[in-house]
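Colleague: Sharing a structure here in structure tokens format.
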Amino acid sequence: MGQEIASSQSEPSEIDVTAIPVLNDNVEWRSYLKGVVINPDFALNEAAASMFKLIDGKRSIEMIGEEITKEYEVDLDVALQDCWELVQDLRNNGILKLRSVATHD
């Protein structure tokens, strides 16, 4: 299994496309109009909500980004950057953690 990736809040980090975002157990959320409300004080707009709904503990940042490119017709680099920024924001607010993927030869 993977392990949690340490957070560095002092400076932006490079995108780890293999990281898997995993919601923390205590997170409650619901759809609201075209967005999402999380633990009632955190709201996401439509685009961020689309990314958030793809977080299932199985998909990597890259997989989520690829899905977003299909839905919003944006370049993969843009989708990955947006996804990474959302994931970092959610992690910094205690909503999720990142799990690294163990590589096999």
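Colleague: Please list 64-76, 82-94 highest first by mean number of surrounding beta-carbon atoms within 10 Å per residue. Don't jump to the answer; show the numbers that get you there.
Modeller: Details: 64-76: 15.6, 82-94: 18.2.
Descending mean neighbour count gives 82-94, 64-76.
Colleague: Would you mind calculating the gained length between Val17 and Lys53 on full extension (0.36 nm times residue separation, minus the Cα-Cα distance), in nm to one decimal? If you can, show how the numbers build up before the last one.
Modeller: Details: separation 36, 0.36 × 36 = 12.96 nm, distance 1.75 nm.
Full extension from Val17 to Lys53 adds 11.2 nm.
Colleague: Taking θ = phi - 60°, what integer Hz values does the Karplus form 6.51 cos²θ - 1.76 cosθ + 1.60 yield along the stretch 47-62, in sequence order, with x for Gly and Pro?
Modeller: 5, 5, 5, 4, 5, 4, 5, 8, 6, 10, x, 10, 7, 7, 4, 4
Colleague: Something else now. What Rg and what Dmax come out for the stretch 20-99 when only alpha-carbon atoms are used, in angstroms?
Modeller: Taking only Cα atoms of the stretch 20-99, I get Rg and Dmax of 11.7, 33 Å.
Read-outs: derived from the displayed coordinates by stated rules, not from any lab. Nothing here was measured: the structure is a model prediction, and the numbers come from that model. Positions of Cβ are generated from backbone atoms using ideal geometry, with glycine treated the same way; all protein chains shown enter the neighbour counts.
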